[in-house]
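Reviewing the structure listed below.
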Amino acid sequence: MKIDNVRNCSFSEWYPSFRDVTFKSKVIKLPEEFVEYLKTDGVILPDSAIQNTSGETIAAPSFQEFEEQLSECIKNLGGQVFPKLNWSAPRDAVWVSFDGTLKCTCPSDIYLLLKSSEFISHDIFQPFDKCEDFDETKTYSVEFELILKAWYNVHAAYEFRCFVKNNALIAITQRHHTAYFEYIHKDKNNIISDIRSFHYHVIENKFPDSDYVFDVYRRDKGKLYLIDFNPFGSVTDGLLFTWQELSEINHTDNSKDPIFRHVESELAIVPDPYAQYAVPKDFVDLSSGEDAAKLIDLLQLKTQSQGAETSSDEENCQDKV
């Protein structure tokens, strides 16, 4: 996987060529000041203010023109949107949303998800770190973009991840691999047939790379929508495949059926990999003992809290006397 492969999977690179077979979307160039805002620590929403531990008021940045643009796009896309940056959606931050989804109805919903996501941070800070031609001594320019997709209530059972190597479709897996869907096993042959046809007629020789990953939504028999492209490499989740397995599959052309994997019973369900992101990182550091400074701060806070409670109890006793 090289840097150019990753760049080719950036949404605005492929969307013009596949606009007719994917969900309606808007691409918005991110202002430099908003990118800097995403890089800063902490979650402070624009046009709000908080107090730090010293009691000082910290004013949040304001992006009035950008926010107006967002509001207009949300309105034009039906009032409900799915957000992502060039490559990633903030799926690891879904726990902060009110309804447990990535559905956004206003700019503040988008801000909160983007600021809470490690996936988004990776897009901004390290988009090419897994590439074989990456040089950490160099600076790579990226024009960051926010993509807003019209919101659809997509059923998780109808999403699939497809792996292409040397322009041959070699493997398919259900995209939500932590759940069992009975229909997938029953309709397996039709699913494979439809995805092979979609790849042959819609994608093959139209995407610039020979190795890549694409996600599709199969709404019904013969009715498929393209969701996204991803690089063919470890930066992309192999789901029910390991990257070692994928690297060893060698189909010279599309005459062979791709290897198809799905969860075959409820007993085969695995834990949700995004669940770990619902726990604040500070808690993880404390429980693992990886950050001694945080442990000391916690003990000091606990001591102060106990001291305050003791003083309060003594005052109450004196009042009663």
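Would you say ASP209 is under 16 Å from the mean Cα position of the chain (by Cα) and charged (D, E, K, R)? No, not satisfied. Kindly check whether there is at least one residue in segment 224-236 that is farther than 22 Å from ARG7 by Cβ and surrounded by 14 or more Cβ atoms within 10 Å (Cβ to Cβ). The answer is yes, given that some residue of segment 224-236 is farther than 22 Å from ARG7 by Cβ and surrounded by 14 or more Cβ atoms within 10 Å (Cβ to Cβ).
Taking the criterion of being of a type outside the set (A, V, I, L, M, F, W, C) and open to solvent by less than 40 Å² (accessible area, probe 1.4 Å), the residues of segment 132-177 that qualify are GLU145, LYS149, GLU159, ARG161, LYS165, THR173, GLN174, ARG175, HIS177. Does segment 204-216 contain at least one residue that is outside any loop (DSSP other than H, G, I, E, B), over 14 Å from ARG175 (Cβ atoms) and open to solvent by 60 Å² or more (accessible area, probe 1.4 Å)? There is no residue in segment 204-216 that is outside any loop (DSSP other than H, G, I, E, B), over 14 Å from ARG175 (Cβ atoms) and open to solvent by 60 Å² or more (accessible area, probe 1.4 Å).
Screening segment 1-16 for residues that are out of contact with any helix residue (DSSP H, G or I) (no Cβ under 9 Å at 6 or more places or on another chain) and part of a helix (DSSP H, G or I) and picking the one that is most open to solvent (accessible area, probe 1.4 Å) gives ASP4.
Say we look at segment 143-157 and pick out the residues that are modelled with pLDDT of 95 or more and not small (Gly, Ala, Ser); which of these is farthest from ALA89 (Cα to Cα)? Per the criteria, the residue is GLU143. Scanning segment 101-116 for residues that are at pLDDT below 95, under 14 Å from the mean Cα position of the chain (by Cα) and not in a helix (DSSP H, G or I) yields THR101, SER116.
The values are calculated or read from the model by the stated rules, or taken from the named source; none is laboratory data. Everything numeric here is computed off the predicted structure, so don't read it as measured data. All Cβ positions, even for glycine, are placed from backbone atoms using ideal geometry, and neighbour counts span all protein chains on display. For accessibility, only protein heavy atoms count, side chains too; no ligands or nucleic acids. Shrake-Rupley method; radii C 1.70, N 1.55, O 1.52, S 1.80 Å.
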